[in-house]
1. From the phi angles alone, apply the Karplus equation (6.51, -1.76, 1.60; θ = phi - 60°) to the range 132-138 and give each ³J(HN,Hα) in whole Hz, x where the residue is Gly or Pro.
2. On full extension of the chain, what length is gained from residue 101 through residue 128, given 0.36 nm per residue of separation minus the C-alpha to C-alpha distance?
3. Per residue of the range 91-101, in order, report the coupling 6.51 cos²θ - 1.76 cosθ + 1.60 (Karplus, θ = phi - 60°) as ³J(HN,Hα) in whole Hz, putting x for Gly and Pro.
4. Mind listing the phi-derived Karplus ³J(HN,Hα) values for the range 59-65, rounded to whole Hz, using 6.51, -1.76 and 1.60 with θ = phi - 60°, and x for any glycine or proline?
Amino acid sequence: MAATRAPSLTAAVLRAVIPWRRASRVLEASAELQARRKTSSSSPEAGEGQIRLTDSCVQRLLEITEGSEFLRLQVEGGGCSGFQYKFSLDTVIHPDDRVFEQGGARVVVDSDSLAFVKGAQVDFSRELIRSSFQVLNNPQAQQGCSCGSSFSIKL
């Protein structure tokens with residue numbers, strides 16, 4: 001008698017919580033991320049000028065995006081430290097945009113903003129008071145505000 005493998009608890013929970021049409025994308029990305037973790041000890045796409053996505057960022061993007069949607073990361077003047085991160089869902093890629101894809105999730109950054117975030121990591125954080133996308137470990141930032149939405153640059 002051949003042994004059959006029962007679906008994992010994670011797969012069962014994802015199918016119950018996430019609408020069925022997106023569940024397969026999330027499950028495939030989860031399996032891909034686990035395989036990548038096993039084969040690589042360093043972060044994927046960790047090269048100079050790259051934006052890295054955490055597993056929680058990839059998972060959340062696969063849950064909320066449909067079709068050609070992606071997460072756009074922009075840097076604008078403002079905030080309490082001089083510059084602020086702005087996240088939005090978008091469907092249009094402009095000629096000066098750089099696309100960073102991991103596990104089926106895409107983050108797009110325009111060339112002007114990329115100068116301020118190259119080498120950083122995009123994360124999705126769930127806390128009691130808020131859930132949000134955040135930029136972590138930004139090598140271009142000298143300091144940031146306590147909420148993590150604004151920063152000052154290294155000169």
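Values quoted throughout were computed directly from the atomic coordinates according to the rules given, and no laboratory measurement underlies them. What you see is a predicted model; the values in this text were computed from it and never measured.
1. 7, 7, 9, 9, 10, 6, 7
2. Details: separation 27, 0.36 × 27 = 9.72 nm, distance 2.87 nm.
Between residue 101 and residue 128, full extension yields 6.8 nm more.
3. So the Karplus estimates, Gly and Pro as x, are 10, 10, 9, 8, x, 8, 7, 10, 9, 10, 10 Hz.
4. Karplus-based 3J(HN,Hα) across the range 59-65 equals 4, 5, 5, 5, 6, 9, 9 Hz.
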